[in-house]
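Just below is one structure, and these are the notes that go with it.
Just so it is clear, none of the values below were taken in a lab; they were calculated from the coordinates. Everything numeric in this text was worked out from a predicted model, so none of it was measured. Cβ placement follows ideal geometry from the backbone for every residue including glycine, while neighbour counts extend to all protein chains displayed.
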Amino acid sequence: MALKPRQKRILHAVVEEHIASGSPVGSRRLSETGDLGVAPSTIRNDLSVLEEEGLLAHPHTSAGRVPTDEGYRHYVESILHERRQGGPALPPAAHEFHQGEIDEALRETADALSRVTELLAVVSAPSMAFTTVRHVEVLQLQPHLVMVVIIASSGRVAKRVFSFDRAVDQGLADAMRSYLNERLFGARLGMRRVEQTFSEPELSDMERSFLAAIRPAFEVGGPADAEDVHMGGTSRLLEALNAQGVTHLDDLVDLLEERCKVLELLCDALREDGLYLRIGHEMSRPSLRGCALVAANYGVANRNLGTVSVLGPTRMDYQRVIGAVRASADDLSTLIEELW
């Protein structure tokens, strides 16, 4: 149904009043506080029409109306068609980081976004599969321990520590560092060029054995990628959901404790070019049916590298959250472009 302009204004007024108060909204309240310019009887009639269309619900016989998931969706779609507004100011901490410290910038972004929205903020790091190798470091921490550090073109840093049965020769570690930098600079992990680097016929048995031992550091798509999710404000989300009477909180806590499942929530968002939004029953997991997810991607030149998102109850301040998510994503895109 195409809503009439007045019905659209009334729907928006109900949504915004309910977000602010948390209570059902009646016709008298709208006539007193809203700039609708019509009689309460006209408002009551339009409220009934909006309820029949599934955009509003009537929780109690004598109470006012509350938005349904479809009502929130209609409201948010209208917001997205309006002129894009700048989001709430976020601390400019991300731009103060040097190359190779992007993970710290992502953590700071998640914390700042959570404070601004008072909800759960989730920021995914750029997968090593989507960036190229800028530098490889092979460091001998102890005679039997070697740490491999990979610095990607995005500024992302991946570290792995390997234990050997025998002491590693320092000269071997230095030689393999030079070899890997010579062969892998500009290469994308997971591609054939990387595989060939570890299987060159010219390598000695000792070199081949050493490279085979540290080969897992150059693999992508495994558990390490699942851990590259920065979250801030889990307690804020649980408090907001509990205050609104949302159930299944135990299931939600279990989900948030497994970062690979959190990353799965953002996979679809990473494929979107614009804002990604899921409300209530649009969420795939039953434990999230009382929540809404707002996400936007950051990256460079037609390539999405990561996602900035906020998870909160369906009754959230969508304008504020959307503005904050967009501002954070834009800020990270600027940082990534500087490091790329």
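Each residue in 19, 336 was given a count of other beta-carbon atoms within 10 angstrom of its own, and listing them fewest first yields 19, 336.
Projected onto its three principal axes, the C-alpha set of the range 30-72 covers 27, 21, 16 Å, listed from the longest axis down. Taking only the alpha carbons of the range 199-340, we obtain Rg and Dmax values of 19.4, 66 Å in that order.
Here 251, 228 are placed in order of increasing Cβ neighbour count within 10 Å, fewest first, which gives 251, 228. For the peptides 311-320, 110-119, 207-216, the ranking by packing is 110-119, 311-320, 207-216, with the highest mean count of neighbouring Cβ atoms within 10 Å listed first.
For residue 334 and residue 144, FRET efficiency with R0 = 51 Å and r from the beta-carbon atoms, rounded to 0.05?
Numbers: r = 43 Å, r/R0 = 0.84.
The pair residue 144/residue 334 has a calculated efficiency of 0.75.
Report D for the range 5-81 in µm² per second (integer): Stokes-Einstein, Kirkwood Rh on Cα pairs, 4 °C, 1.567 mPa s. Calculated translational D: 107 µm²/s. Among complete DSSP H helices in the chain, those whose alpha-carbon atoms stretch at least 27 Å along the helix's long axis and whose mean Kyte-Doolittle hydropathy reaches -1.0 are 318-339.
Would you mind checking the range 157-184 for residues with the amide N under 14 Å from a putative spin-label position 7 Å along Cα→C-beta of residue 196? Zone members listed by number: 183-184.
Can you tell me the order of 9-18, 35-44, 256-265 when each peptide is scored by its average per-residue count of other Cβ atoms within 10 angstrom, highest first?
On the way: 9-18: 21.8, 35-44: 13.9, 256-265: 16.0.
Peptide ranking by packing, descending: 9-18, 256-265, 35-44.
Here the scattering of the chain is modelled by Debye summation over its C-alpha atoms, one equal scatterer each and no solvent; at q = 0.07, 0.12 Å⁻¹ the log10 of I(q)/I(0) is -0.40, -0.88. Between residue 271 and residue 167, the simple spin-label model (points 7 angstrom out along Cα→Cβ) gives 5.4 nm. All other residues whose Cβ lies under 12 angstrom from that of residue 208 are scored, Lys and Arg at +1 and Asp and Glu at -1, for a net of -3.
Each of 198, 185, 218 was scored by other Cβ atoms within 10 Å of its Cβ. Arranged with the fewest first, they read 185, 198, 218.
Between residue 303 and residue 206, the simple spin-label model (points 7 angstrom out along Cα→Cβ) gives 3.8 nm.
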